[in-house]
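Report on the structure given below.
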Amino acid sequence: MERIITFDICSVITLIILILSLFIRRMTRGTSNVIFFLLTLVVFLSGIFDIARLCLPKVLPHNANSQTLLYALNYAYYLFRNLSTPIYILFIFSICGMWHDFYNDMLLKATWAFPVVSILILIIADCFVHKLFEITPELEYVRGPWLSYMRIAAIWILAYSVICLIYNKNMLSKHKFYLLISLCPINVIGVLIQSYWPQYMVEIICTTFPLLFISLAVQKPEEIIDMNSGSLNMQAFKNELKRNFAAKRKSRLVSMQIMNFESIKNQFGKENLRAFLSYIIKSLYLICKNDEYEVYYLDDGTFTVLTLKDDAHENEEIARRIRNFMAGRHNINNINLMLDFKICYFRCPEDLKDFDSVINFERNMLHILTETNSLVYLEEISNSKDFQIHHQIDHIIQRGISNNSFEMYYQPIYDIEKKQFVSAEALIRLKDEELGFISPAVFIPAAEKTGTIHQIGDFVLEDVISFISKNSIDYYGLEYIELNLSVAQCIESNLSEKILKLLEKYTVSPDQINLEITETSQNVNFEIIEKNINSLAQNGISFSLDDYGTGYSNILRMTQLPLHIIKLDKSFVDDLERPGMKTIIKETIAMLKKMNKKILIEGVETYEDFDYFRTAGCDYVQGYYFSKPLNRDEFFRFLESTNDIVEVL
């Protein structure tokens, strides 16, 4: 009977392309990727040996050597063909997060191994008795009675893979589940076709195309691989965490964040940065030396090693070795560097009990951990108030929004020429019902990361404008109230409309508020910021540039914006006695004066500082020398007691 090998040839070509694509797409790292690559390679070898065993009898001489070669080719075909489904089951275990369970559960191993071992025994035994198949002296292939036993073992393995998928259905999205399970019935169809119509060699192609679809739809590199480092990414990390928590499996993690990552990026450039990230990832895998440990790159210099292995001694030893590696000297492409980093070992669910807690910790690790370049064990710090605040900050913010726990405080601003307090900066405060006052330095950056800064910003705008409406601030000698706009607010397309509507709602004059933008906000989508600021300025609202001196000041952009006041950062006060600082201050003030800007100095705490900046030419002073931020009642009492006697200051 003439065998048609067109389908096999098509399969082999497709599998070559698939194998190459796995390398190109960097799908060769991580347990599930490695197993999928092995599965693809085994199916490819099945196709090669299938073609060879069918084609060679046509060209080989009819002798004993040819007979032996054909036996070897057929055994190789049966071996690789029957290994594909067991390896596919391992792939299912890995992608469903059951790899650790399989690794440690003897019953799972035995159930998987029994049919695999049976097939191997059949193949080995057949080398002596030829009951699976026989190669005649004419080099013809003849099926033997033992093939039925091999079919039974194959059916067992296929059924086992279906059971595994159904058992772990909740670990997969619906389309991934149906795609993965489709390989089983398609393979059965291929076997049936080839059994009844043996001239059509379709078994291999019935495995090849499901693999191709799995590679495209299940093993999407853009979903789980970081293209710069070639490592598993944040999405892969989240998927693994969700599976582990859903299955109530214990996880052990070592997380580290490189604090000087931004400077490394600037020093290395794009190509060298890839080499640096790859170097870190490879080194971490070498330290672990075990396929039970996965390495993830979570972006921005954050790496995490995760294992399900519950061996405290080994895990902590690996954590210490990782810390020692990070603390060493590194040479990448002839560039030497030292790393500043924070590193922590923690356990789930003992230290962090759920998915959100882990993600929140990874996001805020720099703020949560105080020690630098030292291994921190989370269980040792998890009861401290600082940890509770930083760890729960997203929940605290949401609770504050729900319970109206935010409150505005006001810090008076002194006019040197008028010798009285003419304005105040509105500063938001959060008093949590469980943990007390939360520093803005903690909740503002966290809110910017999660997007809740927009809700907080809306609260500030309405509360301050309402405050001005309900209180005759001019009675107390105040001309306006300053309030901060976050970077996120500055690029809101409807910012101008929102503020003008609030002014109209509360019947507040535009000249009674002054909006502060920070230096960094100038460099974020400047066109939208410029449009918002110009629109508001045309309606009578004045602007200040806050925190001048904390970053790179784009003078050209600063001159393009209608900025009335430039606020010198507290660092000018703190570094006043540093060599050359007074010269910098003098030249800065002179430059700003030539630009017709008013100058406010922040953070003044002593009379000496106040006197220096007054003499240097500043127009306004703000700081603890006059007053800390005060709540509404304290603020008005302060104004009543000071603006009448301000001449003695």
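The values are calculated or read from the model by the stated rules, or taken from the named source; none is laboratory data. Keep in mind the model is a prediction, meaning the values are calculated, not measured. Methodologically, a virtual Cβ is constructed for each residue, glycine included, from the backbone with ideal geometry; neighbour enumeration extends over all protein chains shown. Only protein heavy atoms, including side chains, enter the accessible area calculation; ligands, DNA and RNA are left aside. Shrake-Rupley method; radii C 1.70, N 1.55, O 1.52, S 1.80 Å.
The helices (runs of 4 or more DSSP H) located wholly in region 186-295 that include 1 or more residues which are open to solvent by less than 10 Å² (accessible area, probe 1.4 Å) and among the polar types (S, T, N, Q) occupy 203-217, 234-246. Candidates Met365, Met326: the one that is open to solvent by less than 10 Å² (accessible area, probe 1.4 Å) and at pLDDT 90 or above is Met326. Just one residue in the set Ile381, Ile416 is over 30 Å from Tyr475 (Cα atoms), surrounded by 16 or more Cβ atoms within 10 Å (Cβ to Cβ) and touching a helix residue (DSSP H, G or I) at 6+ places or on another chain (Cβ under 6 Å); that residue is Ile381.
Total residues in region 13-60 satisfying the condition of being over 30 Å from Met98 (Cα atoms), of a type outside the set (Asp, Glu) and either assigned to a helix (DSSP H, G or I) or in contact (Cβ under 8 Å) with a residue 60 or more places away in the chain (or both): the figure is 12. Applying the condition of being open to solvent by less than 10 Å² (accessible area, probe 1.4 Å) and at pLDDT 90 or above to region 469-484 and asking which residue is farthest from Asp547 (Cα to Cα) yields Leu478. Anything in region 385-413 that is over 30 Å from Leu478 (Cα atoms) and either open to solvent by 20 Å² or more (accessible area, probe 1.4 Å) or of a type in the set (Lys, Arg) (or both)? List them, or say none. Those that are over 30 Å from Leu478 (Cα atoms) and either open to solvent by 20 Å² or more (accessible area, probe 1.4 Å) or of a type in the set (Lys, Arg) (or both): Lys385, Asp386, Gln388, His390, His391, Gln392, Asp394, His395, Gln398, Arg399, Ser402, Asn403. For region 606-629, what are the residues that are among the aromatic types (Phe, Trp, Tyr) and closer than 19 Å to Gln420 by Cβ? Passing the criteria: Tyr607, Phe610, Phe613, Tyr620, Tyr624, Tyr625, Phe626.
Filter region 436-451 down to the residues that are free of Cβ contacts under 8 Å to residues at least 60 places away in the same chain and open to solvent by less than 10 Å² (accessible area, probe 1.4 Å) and list them by number. Of everything in region 436-451, those that are free of Cβ contacts under 8 Å to residues at least 60 places away in the same chain and open to solvent by less than 10 Å² (accessible area, probe 1.4 Å) turn out to be Ile438, Phe443, Ala447. Taking the criterion of being of a type outside the set (Val, Ile, Thr) and closer than 23 Å to Ala72 by Cβ, the residues of region 8-38 that qualify are Asp8, Ser11, Leu15, Leu38. Against the criterion of being of a type in the set (A, V, I, L, M), outside any strand (DSSP E or B) and under 22 Å from the mean Cα position of the chain (by Cα), Leu306 does not qualify.
Within region 1-27, if we keep just the residues that are charged (D, E, K, R) and out of contact with any strand residue (DSSP E or B) (no Cβ under 8 Å at 6 or more places or on another chain), the residue that is modelled with the highest pLDDT turns out to be Asp8.
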